[in-house]
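Presented below is the structure to which this report refers.
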Amino acid sequence: MTNDECRMTKGIRVLLFSAFVIPHASFADEVIARIGDIELKASEIENASSLDAASLRKVTEAMLVQRLVFQEALDKKWDQRPETQKLIQNTREATIADSYLKKLSEPPADFPSESELKAAYEAAKPSLVQPRSFQLAQIFVSEDKLEAVKARLKADSASFAKIAREMSEHQASAKRDGELGWLTEAQIQPEILAKLPKLALGVISEPLKLGDGWHILKVLDVREAHTPFFEQVREPLTRQLRAQKTRANMQAYMAKLLQQHPVAIDGVALSKLGSQTKP
């Protein structure tokens, strides 16, 4: 597999699938937060990634604080300082040039074609394999609580979730009735992984002693290693190929510009500048 293909397949695996979208103009104009006289409208965070409520709140607060600092800086005429003006100009040039270049380099709307997509999928297949994974639940306790947990499980093994919620000392999973979620084999401690093939679905394991305490496990489900179907990766693969094509177009366009407008550099002056910047 070539370096480009490796980068492509890696990108496919990590590409996010969602974006936060404001559905209606009326809602987009709604003020969703304010700090003093500063307001933030829903339309101003429409480019945020899909976040949970807590994370979205943090983003909103951060944007408001930034605007508060910005307003304070303006009040103190910070934007009129020569060094600030230079930064503003540099940022303006970079933003405009980058935006223009990206738009200029966008591939046609019908790119990639169906055949290009399928060829990319076939090339990426070996790297798209999803490893075997387990959906696990656990009760984690220290030595002094182990016998009490064993007694409750012996009396009513069907109450594993309730016992986990009430007695497990792993707080994050205890809140979810002991569920740890889906874990690949590589994410599971070797000592625990060695026990899993011997457990049937829904069967509770014997307590397993590790350095941090006692683990009592339950396998809720198993997924064997598999390769996603073409349709499952169509959208992220399309985005990945378009991003790659855009980068290639940008590089080609800049190379053409340099060919049409050769760069002239004063080596002596440049070397002097370099010596001045050395510590």
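Throughout, read-outs are computed from the coordinates displayed, never taken from laboratory work. The structure presented is a predicted model; accordingly, all values stated were derived computationally and were not measured. Here the Cβ is made from the backbone with ideal geometry for all residues, glycine too, and neighbour counts use every protein chain on show.
When Tyr100, Tyr121, Tyr253 are sorted by how many other C-beta atoms sit within 10 angstrom of their C-beta, beginning with the fewest, the order is Tyr100, Tyr253, Tyr121. Which residues does a label at Ala252 reach in the range 101-136, if reach means a backbone N under 13 Å from a point 7 Å past the Cα toward the Cβ? Only 105-108 fall inside the zone, counting backbone N under 13 Å. Taking all Cα-Cα distances within the range 129-279, those exceeding 18 Å account for 71%. 3J(HN,Hα) along the range 94-104, derived from phi through the Karplus expression 6.51 cos²θ - 1.76 cosθ + 1.60 where θ = phi - 60°, amounts to 5, 5, 5, 4, 5, 4, 5, 5, 5, 5, 5 Hz, with x in place of Gly and Pro.
At a 10 Å Cβ-Cβ cut-off, how would you order His215, His261, fewest neighbours first?
His261, His215
A straight Cα-to-Cα reach below 20 Å connects Lys58 with the lysines Lys41, residues fewer than 8 places away in its own chain not being considered. Beyond 29 Å between alpha-carbons counts as too far, so tell me which of Lys125/Lys256; Lys175/Lys195; Lys125/Lys209 fall in that bin. Flagged as over cut-off: Lys125/Lys256; Lys125/Lys209. Using 11 Å as the cut-off for backbone N distance, which residues of the range 238-273 belong to the label zone defined by a point 7 Å from the Cα of Leu104 along Cα→Cβ? Only 250-258 pass the distance filter. GNM on the chain, alpha-carbon springs under 10 angstrom: the most fluctuating residue among Arg242, Arg234, Arg57 is Arg57. Here the 3J(HN,Hα) profile of the range 195-203, calculated from phi with Karplus coefficients 6.51, -1.76 and 1.60 at θ = phi - 60°, is 7, 5, x, 8, 9, 7, 4, x, 7 Hz, Gly and Pro shown as x. Among the GluC sites (Glu not before Pro) in the range 116-199, those located in a DSSP loop and surrounded by at most 15 other Cβ atoms within 10 Å of their own Cβ are Glu169.
Shape call for the range 51-186 from the C-alpha gyration tensor, a ≥ b ≥ c root eigenvalues: rounded (a/c under 1.5), prolate (a/b greater than b/c) or oblate? It comes out oblate by the Cα gyration axes. Considering only Asn90, Gln71, Pro126, the residue lying farthest towards the positive end of the dipole of the range 68-136 is Gln71, judged by Cα position with unit charges set on Cβ. Is the C-alpha gyration tensor of the range 116-215 telling us rounded, prolate or oblate? Criteria: a/c under 1.5 is rounded; beyond that, a/b larger than b/c is prolate, otherwise oblate. Prolate is the answer for the range 116-215, as a/c is 1.5 or above and a/b outweighs b/c. In terms of its alpha-carbon gyration tensor, the range 198-279 comes out oblate; a/c meets the 1.5 threshold, while b/c is at least as large as a/b.
In a simple Cβ point-charge model (Lys, Arg +1; Asp, Glu -1; nothing else charged), the chain has a dipole of about 540 debye relative to its Cα centre. Within the chain, all pairs of alpha-carbon atoms sorted by distance into 10 Å bins from zero give the percentages 5, 15, 17, 20, 20, 14, 6, 2, 0. Ranking of Ile38, Ile216, Ile188 by neighbouring Cβ atoms within 10 Å, starting from the fewest: Ile38, Ile188, Ile216. Work through the residues other than Phe70 whose Cβ is under 14 Å from its Cβ and net out their charges, Lys, Arg +1 and Asp, Glu -1. Neighbourhood net charge equals -3. Normalised by 2.2 N^0.38 Å, where N counts its residues, the alpha-carbon radius of gyration of the range 82-123 equals 2.03.
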